[in-house]
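Before any comments, here is the structure.
Each value in this text was obtained by applying a stated rule to the coordinates, not by laboratory testing. Small disclaimer: the values here were computed from a predicted structure and weren't measured.
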Amino acid sequence: MRSRSTVLETAILGLLSSAPLHGYELRKRLALLLGPFRAFSYGTLYPALKSLQARGLIDTAEPAPSAPAPRAKGAARAARRAAVAHDGGTKPPLTGRRGRIVYELTAEGKEHLQTVLASSGPAAWEDENFDVRFALFAQTDADTRLRILEGRRSRLTERLEAVRESAARTRERLDEYTLELQRHGLEQVEREVRWLDGLITTERDRASRRGPQSENQGRRPDATPESIEYKERG
């Protein structure tokens, strides 16, 4: 249960790192981030928000109520006169719609999120956490992304081998529908492994292209290796 709430909290912090959001908008974006197969409700969202706020990772602010749409001067005066006449000469009270509470990251929340995004241990590539961590890859450094992808592929490869061995042992005792379900599960894991292989290749290619550039950072455009060697000898 704690693992599931941790995943939700990480997703909330990741979304709030882009911009402050009110609860309804946050819930909509979480639905997109977590996907349709991770249904959650306000009953799980608001306890998570309350916990994050109690730990000082997020804060709230209530914006001023939005101003009503302007009306024509004549229509506004007529409406005021009608309201006063209806109340026996008493001015009607001013009313305003209560603004929605907006949630935003605190400095501690930003620091905590960076710590979470820098982690690449087994928890980062397990089924419960991987989707959210992958969705926040744009905020994750390249080395950590690669470690998480490689860890996820390693875990799925182990799972694939175990399922294949189990299928070979039990094939004779299973009916056709159970065998079909087993085959479907194998194909799903195989597809994800191929997908991960492509992502890992892309990340490694980017890293190899960054390598020479990072080595040349700080060097003048005209500072060739030969000129540097010449100056060192001089």
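How big is D, in µm² s⁻¹, for segment 141-210 by Stokes-Einstein at 25 °C and 0.890 mPa s if Rh is the Kirkwood radius over C-alpha pairs? The Stokes-Einstein estimate is 179 µm²/s. Rounded to the nearest Hz, the phi-derived 3J(HN,Hα) couplings of segment 108-115 under the Karplus curve 6.51 cos²θ - 1.76 cosθ + 1.60 (θ = phi - 60°) are 5, x, 5, 5, 5, 4, 4, 5, where x marks glycine and proline.
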